[in-house]
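The values are calculated or read from the model by the stated rules, or taken from the named source; none is laboratory data. Predicted model, so just to flag it, every value in this text is computed and none were measured. Don't worry about glycine lacking a Cβ; one is built from the backbone with ideal geometry, like all the others, and counts go over all protein chains shown.
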Amino acid sequence: MTRLLLPLAAGLAVVLWLAAALALLPPGAWPLPPWRAETMEVPQILLAYGLMPRGVVALLAGALLGLAGGLMQAVLRNPLADPTTLGTASGAQLAVVAATILAPGWLVAGTLPVALAGAGAATALVMALGARRDFAPVTVTIAGMLVGLMASAIATALTLSQGHYLLSLVMWNGGALAQQDWTGVWRLGAVLLPGLGIAALLARPLMVMSLGSGAARGLGLRLVPLRFGVLMLAVFLSAMVSAEVGLVGFVGLAAPAIVQGLGARTLRRRLMLAAVAGAVVLSLADGVLLALAALGGPDLPTGALTGLIGGPLLIWLLPRMRSRVPTTAEEGDRHAPRAPHPGRILWALAALTVALALLTLIGGRGPEGWGFIAPALRETFLPLRATAILAAASAGALLAGSGAILQRLTANPMAAPEVLGVTGGASLGYAATVFLVEAPGTPALALGTAAGGALALAALSVHALRRDMAPARILLAGLAIGAFAGAVLTAIMASGDRRSWVILGWLAGSAGRVTPEGALALAALALGLLGALLAAARWLEILPLGTEVSRALGLRLSRIRPGLVLLAGLATGVATMLVGPVSFVGLMAPHLARSLGLVRAAPFVIASWLIGALLMVIAAFGARTAGYPYDLPLGLLATLIGTPWLFVLLLKRSRS
């Protein structure tokens, strides 16, 4: 029965396409080539120049992505590798969005060079970390998805800053397969055929590489040129698809998994069948959307639906990695220099945070330039500023506290609230409330956002924790849940509805809409989190030593781990609910605390909490003053602050 899965899916895709074609014209009225548009009726033009090339493009783009995913998984020996999980597609997205808005002249020669440059840069960044950690699958995948989050956040902020590009960029980001002629077919076909030939030639050396680095070198294989060449081929194939149709997620992950389930034995056969499976998956997804549109449903981009495959598939693949990934390859940095007087550093951080908050409260940029707020305006503006500053600082402290928990829990300095999946779930809950509730107020939006975050957290707990998965794999499960939520959100956004602007504005993050009561509640929760972190300091001190040591010292991991994940998830959800899904504070703050020599649990969590508040105060000040008289998105400023630190973290050689 398993062997019939692919043919049955292909048959269903053909049936769905034929149904869409018959909805346009009966078979007797179908035009025969060669076509001349001036002699054809409108339905015939739509069929010959729209639906027909769209069907072929779905096949070609799916085959290219399936082949790219198969190559990435083979060369990295990582069943989770594909253009989406390694940040390749998001790099192409950011490059095209940035060129469209900031330098449209770069697109004169087409989007392919720009998309290829962005995809290559993102992949190179991820591979730089992978090379330093022997390409450990979990570490490389987390790095890729964090780079993807960063690129997507910046691309969203850029899109939001240029409203006249909103609809076209959102549709492109969703991976729209709609065609106006056969140009895309010829371009993709011209790439696929040579790509298949080169992949067939690379199958033998890739099989030798699978024996291990030592054995491969002993047989005379040059690993670095091979790895570089295969990755460049995969990046080119996926960038070609991004340039032609936009972002199509997770087909490269699904196709090799399907082929493996079908029992393909040789690597050459797996690569060829991965292309076939990718073509079937994308064609089936496109057929489903065509059928929905024919029944009166929304005309959504196909990439939005394929993204729904990725999250569940990634979660399903995680347990299969247990026997393939050495535990030591996933460990983070454990040894760091210790500060001789941590108390002095903590007091200095607290004083700096308070001083900067006060300076931000009374100073800034006004009609007459930089200076302090005029006395006549203090009664009006000081309460508004104080509310925004308190909300931003509290949200930063909550996110940083969540990041500190995750990094101690997983012994991985790359852990962050974004990878828990709660941010994605909360975003989806907010978007669903905007679309499903007519004129939703603050209580309805807060309830919807909290419900989305809670559902994501529940899904993570049920799957990952009940399976007793390793901590690093818990992060990947959270990333998968976030990817699933992001795919649904993309589908909502790509509908072209006017409410997309409201959701985009919230996604960029802002503390300006928080009420005084909301800011006070957020501050109280931040203080409560700090108290909980200090109470759990002993656990957080022991957990980075590993599972065996923790159990030997009497920790009941089956209760402690779920409790800490729950605490981190709630902290992230609360911050997201009021100020939007701001980015990378939970990653930066603990990393900065560690770089200051605060490695013991109690000083580490206090410093992370303070640094998170400090970073968000800086971001709030920048959002208010950089684009005066308009407020820039808080999430954009937080991302721009976090990007350099993310690069430093990714490129830093681990010490064990």
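Take GLY366 and tell me if it is under 30 Å from GLY482 (Cα atoms) and modelled with pLDDT under 90. Taking the combined requirement at face value, the residue does not satisfy it. Working carefully through the options ALA13, ALA92, ALA74, find the one that is among the aliphatic types (A, V, I, L, M), surrounded by 21 or more Cβ atoms within 10 Å (Cβ to Cβ), closer than 22 Å to LEU305 by Cβ and within 25 Å of the chain's Cα centre (by Cα). Sole residue among the options that is among the aliphatic types (A, V, I, L, M), surrounded by 21 or more Cβ atoms within 10 Å (Cβ to Cβ), closer than 22 Å to LEU305 by Cβ and within 25 Å of the chain's Cα centre (by Cα): ALA92.
Of all positions in region 65-82, none carries a residue that is without any contact (Cβ under 8 Å) to a residue 24 or more places away in the chain and in a helix (DSSP H, G or I).
From the list THR442, THR423, THR410, THR380, the lone residue that is surrounded by fewer than 24 Cβ atoms within 10 Å (Cβ to Cβ), among the polar types (S, T, N, Q) and touching a residue at least 12 places away in the same chain (Cβ under 8 Å) is THR442.
What about LEU221, is it surrounded by 12 or more Cβ atoms within 10 Å (Cβ to Cβ) and under 17 Å from LEU273 (Cβ atoms)? Taking the combined requirement at face value, the residue does not satisfy it.
Here GLU38 clears all of (1) surrounded by fewer than 16 Cβ atoms within 10 Å (Cβ to Cβ); (2) in contact with a Phe, Trp or Tyr (Cβ under 6 Å, 6 or more places away or on another chain) except the condition numbered (2). With the structure loaded, tell me whether ALA19 is touching a residue at least 24 places away in the same chain (Cβ under 8 Å) and within 30 Å of ALA234 (Cα to Cα) or whether it fails that test. When the stated conditions are applied, ALA19 does not pass them. Among the residues of region 122-154, the one identified as of a type in the set (A, V, I, L, M), without any contact (Cβ under 8 Å) to a residue 60 or more places away in the chain and either within 18 Å of PHE584 (Cβ to Cβ) or assigned to a loop (DSSP other than H, G, I, E, B) (or both) is ALA122.
It is to be established whether one or more residues within region 41-49 are in contact (Cβ under 8 Å) with a residue 24 or more places away in the chain and either farther than 23 Å from VAL280 by Cβ or touching a Leu at 6+ places or on another chain (Cβ under 7 Å) (or both). Yes, region 41-49 contains at least one residue that is in contact (Cβ under 8 Å) with a residue 24 or more places away in the chain and either farther than 23 Å from VAL280 by Cβ or touching a Leu at 6+ places or on another chain (Cβ under 7 Å) (or both).
Checked against the criterion of being modelled with pLDDT under 70, touching a Gly at 6+ places or on another chain (Cβ under 9 Å), of a type outside the set (A, V, I, L, M) and in the same structural domain as SER394 (by TED's automatic domain parsing), the candidates GLY635, GLY627 yield just one match: GLY635. For region 285-300, the set of residues classified as modelled with pLDDT under 75 and either within 15 Å of the chain's Cα centre (by Cα) or crowded, with 18+ Cβ neighbours inside 10 Å (or both) consists of LEU300 only. Taking the criterion of being more than 13 Å from GLU244 (Cα to Cα) and within 21 Å of the chain's Cα centre (by Cα), the residues of region 101-119 that qualify are ALA117, GLY118, ALA119.
Does LEU615 meet the test of being surrounded by 24 or more Cβ atoms within 10 Å (Cβ to Cβ), in a loop (DSSP other than H, G, I, E, B) and at pLDDT 85 or above? For LEU615, the condition - surrounded by 24 or more Cβ atoms within 10 Å (Cβ to Cβ), in a loop (DSSP other than H, G, I, E, B) and at pLDDT 85 or above - is not met.
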